[in-house]
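Participant: Below you'll find the structure I mean.
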Amino acid sequence: MSDHDYRPKSKVGQWFNDRLPLLTLANHLTDYPTPKNLNYWWTFGGILTFCLITQIVTGLTLAMHYIAHADMAFESVEHIMRDVNYGWLIRYIHANGASMFFLAVYIHIFRSLFYGSYKSPREIIWILGIIIYLLMMAAAFMGYVLPWGQMSFWGATVITNLFSAIPLVGEGIVTWLWGGYSVDNPTLTRFFTLHYLIPFLILGLVVLHIWALHVPGNNNPVGIDIKKPSKDTVPFHPYIVIKDGFALLMFMIVFAFFVFYSPNILGHADNYIEANPMVTPAHIVPEWYLLPFYAILRSVPDKLLGVVAMLSAILILAVLPWLDTSKIRSAVFRPLYKQFYWILVADVLILGYVGAMPAEGLYLLIARVATAYYFLHFLVILPVLGFKEKTLPVPLSITEPVLGGSLNLATARQKESKIE
Amino acid sequence: MSEKKTKRRDFLFTATTAVGAVGAAAVVWPMIDQMNPDASVKALASTEVDVSALTPGNTLTVLWRGKPVFIRRRTQEEIDEARSVKMEDLIHPEKDEDRAKNPEWLVMLGVCTHLGCVPLNDKGDYNGWFCPCHGSHYDTSGRIRKGPAPWNMEVPKYEFVNANTIKIG
Amino acid sequence: MKKLLKIFSALLLICSLNTLSFAAEKVDYLKTDWSFKGLFGKFDRAALQRGYQVYTEVCASCHSMKYLSYRNLAEKGGPEFPEDQAKAIAASFEVTDGPNSDGEMFTRPGKLSDKFVMPYENVKAAQAANGGAYPPDMSVLVKARGGGVDYIYSLLQGYEEAPSGMTLDDGVHYNKYMYGNKIRMSAPLSDGLVEYGDGTTATVEQMSKDVTTFLMWAAEPHLEARHQMGFKAIIYLIILTILVYFSMKKIWSRVESEV
């Protein structure tokens, strides 16, 4: 990287930087050469950082009022909603923030799938991302349990019971998870502890994720390796910062509509009924962002195999860099992959839809076909496609497809200095 | 580039930054305000205390808003002692007549104004209260006479609902 | 820019699809105009006050509202009873307090800071008094039912003769809008059941609307503040977005690349 020889201008800065090179880091982050052809799908990394920080800040403030006790959790949430200053605002931001977080992460993942960002040399970034995604699901699930409504309670019961599918030790593990013979107060308090912990684990992994990104640099819509810095790149600040900021604001408008005008639309009405171990809600569904996996779970008639299928559906992503045998990254130059990509998107949306429907009749059939196709895509189509597909010619540099040769960075800098 | 264009660019960036900063500040406020007393705490009602069993020379301690309140039924000597003190001898001059409208009854927050400990009854150099934490001495009117505390013990809002009942708050 | 708009419209579409899938079991509820819907929705103060009257004179004999306090009745954005009136309402209830210095519980008139007095000591007592069915707490009832206000409003007016062929056990009633059509609660409202102080005619429809409005406020007491703040927040975000957009254009004009 070019910034290793950075020297702060001031004496104090040099003194500090020799002892802790924070200024070098800051300089690296501002100057970080970024491909200049990144489109708006690339702004979701920044949006996700915003989501994580929002969740942590609102979560910390909620934790100051929430009581993790089976007898008081529901009441304490009502206390937050009614009496705590701005409590309703903070809770609605936190609850809808989880949905917005997943929305952004799905776009982020599917962007990566389209442009082949998971391929060499970016496998570690991708795997770290999958771990973050898994932790997000754990955090979201446990967070949903905390209000101790009916969906909290029965969601916790159903999900923890998944572990009972493990042969021999399954029952023991479930009892251990519960700290009792059913989901109860011990379960709630440990879920609260873990729900508090996981976001900080995610924060640490995000640092690694970005660190791993800054080694090879960003992929780009053309998917070719570029020289950095060069006429194909712009410094992160101010170019990418302002662009990410713009996209973030658009995202926040959508977010605000949910928080202020339909704060409960993504939740489930039953969760406003206090948990009751005697009565299961008529129609039990997870939050929308877990529906595709829920559909996969239900599409397999065997208890153990269903759990295995659901877990495989996520873990298969971790080995994706090696399942995709194509040397070309971007789907722009892979006409066949592009079509399969959109079929996969549709497949996942269908899985999400049937996940919300009762598991019977036609819905079950659709779920099974969609599940089969999901695995087919990763296990058969992708490996074969890499060998069979006739790809389009890939340009040599970014500037070529965009403008056919243009001003380079040096010229841009010159222009800028003239202005100032 | 002309001078004029430079100015316009600067204005745009300044305006954007300023508007952004206003928004950021507006978002910070709810996160701070949520730690202030909430609506249920603010609405916490007054406490009514039955003092019929209290004999002169004794103190009743009750809890109000999470803090102890001393209700002292003073003897005549205590009243005389409190009322004979000269103002210039006081660290925080307040007349006993203002602190105890009905001289027999002294009602005050039992919290030392130094760092919040609860002073001990019938102790200290002035026959009133003594704070064991850092040695503040209070007289029979609960006024600070010696030690690090800066003010007299606070008299809360209270009233006699009837001869036997005091309503604090 | 066009691309970005596309992305966000797709976003909205996905969201709406997801919500649609939850509302799969569609029932045609009775419709009425709710003043609290929409961007600037506010509660109808008079309806809230009447609704409170219906609640306290009719529903409260079985249904608790344990998360509400009498002070809420005087708070901004609610029924906004004058403080004296709210105090008088509170004082008209006997509240159990204590223990006193003798260690015994005693009753006293209610204060603003007291929670709504519950009709039964606990869930078991409520079940025992109602043939085994627990009349649900109404504090968040509107949010706890899929159809929300429309459902409650319809349910209150949905009592009918059971269709032939349907047998109802003792103490079970037919309701068009109830899940499974069988409900333990007998029709709670009848024309003229309460006498409104403001002269409004107390038809079943009117009372249903009033009490449902009251329940909506009870479940979402900060709804008005939320709507007002939301409007300001979104206007602010749009202004800032426009400013940032032009700043971005300006900055990116230094490199000839598409934003």
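Participant: In whole Hz, what ³J(HN,Hα) sequence does region C:128-135 give by Karplus (6.51, -1.76, 1.60; θ = phi - 60°), x for Gly and Pro?
Facilitator: Result, rounded to whole Hz: 4, 7, 10, x, x, 9, 8, x.
Participant: Could you work out, residue by residue across A:102-111, how many beta carbons of other chains sit within 10 Å of that residue's beta carbon, and then give the average as an integer?
Facilitator: Rounded to a whole number, the mean comes out at 1.
Participant: Same structure again: Rounded to whole Å and ordered largest first, report the semi-axes of the equivalent ellipsoid of region A:96-182 derived from its Cα gyration tensor (root of 5λ).
Facilitator: 32, 18, 9
Participant: For chain A, just say rounded, prolate or oblate: build the C-alpha gyration tensor, square-root its eigenvalues into a ≥ b ≥ c, call rounded for a/c under 1.5, and beyond that prolate if a/b exceeds b/c, oblate if not.
Facilitator: The shape class here is oblate.
Participant: For chain A, which DSSP H helices look membrane-span-like by this rule: Cα extent along the axis of 30 Å or more and mean Kyte-Doolittle of at least 1.6?
Facilitator: Correct list, ordered by number: A:123-145.
Participant: Starting from the Cα gyration tensor of region B:87-169, multiply each eigenvalue by 5, take the square root, and state the resulting semi-axes largest first in whole Å.
Facilitator: 22, 14, 11
Participant: Using alpha carbons only, how many angstrom separate the centre of region A:202-260 from the centre of region A:2-51?
Facilitator: Measuring centre to centre over Cα atoms gives 13 Å.
Participant: I've got another one for you. What does the charge add up to near C:M178, with Lys and Arg as +1, Asp and Glu as -1, over the other residues with Cβ less than 12 Å from its Cβ?
Facilitator: Neighbourhood net charge equals +3.
Participant: Could you grab the relative contact order for chain A? Cα pairs under 8 Å, six or more apart, rounded to a whole percent.
Facilitator: RCO, chain A: 22 percent.
Participant: So which chymotrypsin sites (Phe, Trp or Tyr not before Pro) in region C:153-192 are both in a DSSP loop and have at most 16 other Cβ atoms within 10 Å of their Cβ?
Facilitator: C:Y179
Participant: What order, most packed first, do the peptides A:48-61, A:285-298 have when packing is the mean number of other Cβ atoms within 10 Å of each residue?
Facilitator: Taking the mean over residues of other Cβ atoms within 10 Å, the ranking is A:285-298, A:48-61.
Participant: In addition: Roughly how many nanometres apart are two label points built 7 Å out from the Cα toward the Cβ at A:I265 and A:Q14?
Facilitator: Taking the simple label geometry, A:I265 and A:Q14 are separated by 5.9 nm.
Participant: Which of A:D232, C:D170, B:D10 has the fewest other C-beta atoms within 10 Å, and how do the rest follow up to the most?
Facilitator: Arranged by neighbour count, lowest to highest, A:D232, C:D170, B:D10 become C:D170, B:D10, A:D232.
Participant: Can you give me the angle between helix C:204-219 and the longest principal axis of chain C, using Cα atoms only, in degrees from 0 to 90, rounded to the nearest 10?
Facilitator: 60
Participant: Now a separate question. Treating only the Cβ atoms of Lys and Arg (+1) and Asp and Glu (-1) as charged, compute the dipole magnitude of region A:1-156 about its Cα centre; round to the nearest 20 debye.
Facilitator: It comes to approximately 580 debye.
Participant: Compute the signed sum of charges (Lys and Arg +1, Asp and Glu -1) over the other residues within less than 11 Å, Cβ to Cβ, of A:V259.
Facilitator: +2
Participant: Please list the equivalent ellipsoid semi-axes of region A:251-389, computed as the square roots of five times the alpha-carbon gyration tensor eigenvalues, in descending order and whole angstrom.
Facilitator: With the √(5λ) rule applied to region A:251-389, the semi-axes are 33, 21, 12 Å.
Participant: Net charge around B:P156, counting only other residues with Cβ within less than 12 Å of its Cβ (Lys, Arg = +1; Asp, Glu = -1)?
Facilitator: +3
Participant: Among C:C62, B:C112, which comes first, second and so on when ranked by fewest other beta-carbon atoms within 10 Å?
Facilitator: C:C62, B:C112
Participant: As I understand it, the value is the acute angle between the Cα axis of helix C:2-22 and the longest principal axis of the Cα atoms of chain C; what does it come to in degrees, rounded to 10?
Facilitator: So the helix axis and the longest Cα principal axis differ by about 20 degrees.
Participant: For helix B:3-33, what angle does its Cα long axis make with the longest principal axis of chain B, in degrees from 0 to 90 and rounded to 10?
Facilitator: 30
Participant: Please compute the contact order of region B:1-108 in relative form: average sequence separation of alpha-carbon pairs under 8 Å and at least six residues apart, divided by the residue count, as a percent.
Facilitator: With pairs under 8 Å counted, the relative contact order is 18 percent.
Participant: Count, for each residue of A:84-93, the Cβ atoms from other chains sitting within 10 Å of its Cβ, then give me the mean as a whole number.
Facilitator: 6
Participant: Let me ask something additional. Averaged across A:240-247, how many Cβ atoms of other chains sit within 10 Å of each residue's Cβ atom?
Facilitator: Neighbouring Cβ atoms belonging to other protein chains average 6 per residue here.
Participant: Ok, one more. With the contact rule set at Cα under 8 Å and sequence spacing of 6 or more, what percent relative contact order holds for region A:77-236?
Facilitator: 26 percent.
Participant: Amide H to amide H, which residues 5 or more places from B:V69 or on other chains are under 5 Å from it, using H placed in the peptide plane?
Facilitator: Residues meeting the amide H criterion: B:V62, B:L63, B:W64, B:G110.
Participant: Right, something else. Explain nothing, just compute: Karplus ³J(HN,Hα) = 6.51 cos²θ - 1.76 cosθ + 1.60, θ = phi - 60°, for every residue of region B:108-121 in order, whole Hz, x for Gly and Pro.
Facilitator: 3J(HN,Hα) across region B:108-121, in whole Hz: 8, 5, x, 10, 5, 7, 6, 9, x, 6, 9, x, 8, 6.
Participant: Write down Rg/Rh for the protein assembly as shown, rounded to two decimals, with Rg from the C-alpha atoms and Rh from the Kirkwood relation over Cα pairs.
Facilitator: Across the protein assembly as shown, the Cα-based Rg/Rh ratio is 1.04.
Participant: I would also like to ask the following. For a label point 7 angstrom out from the Cα of B:D89 toward its Cβ, which stretches of region B:110-147 have the backbone nitrogen within less than 14 Å?
Facilitator: Hits in region B:110-147 for B:D89 at 14 Å: B:125-128, B:138-146.
Participant: Please report Rg over Rh for region B:1-109, where both radii come from the alpha carbon positions and Rh follows the Kirkwood definition.
Facilitator: Value, to two decimals: 1.45.
Participant: Continuing with this model, one more query. Could you tell me which residue out of B:V49, B:L63, B:W105 lies farthest along the dipole of chain B toward its positive end? Charges go on the beta carbon: Lys and Arg +1, Asp and Glu -1, centred on the Cα centre.
Facilitator: Highest projection toward the positive end goes to B:L63.
Participant: Given Cβ point charges of +1 (Lys, Arg) and -1 (Asp, Glu) and nothing else, what value in debye, to the nearest 20, does the dipole of chain A about its Cα centre take?
Facilitator: In total the dipole reaches around 1640 debye.
Participant: Continuing with this model, one more query. Search the structure for amide H atoms under 5 Å from the amide H of C:D97, placed 1.01 Å from N in the peptide plane, and list their residues when 5 or more places away or on another chain.
Facilitator: HN-HN under 5 Å from C:D97: C:F106, C:T107, C:R108.
Read the figures in this text as sums done on the coordinates, not as results from a lab. Note that the coordinates shown come from a computational prediction; the quantities given were computed from them, not determined experimentally. Using ideal geometry, Cβ is built from the backbone for each residue, glycine included, and neighbour counts are taken over all protein chains shown.
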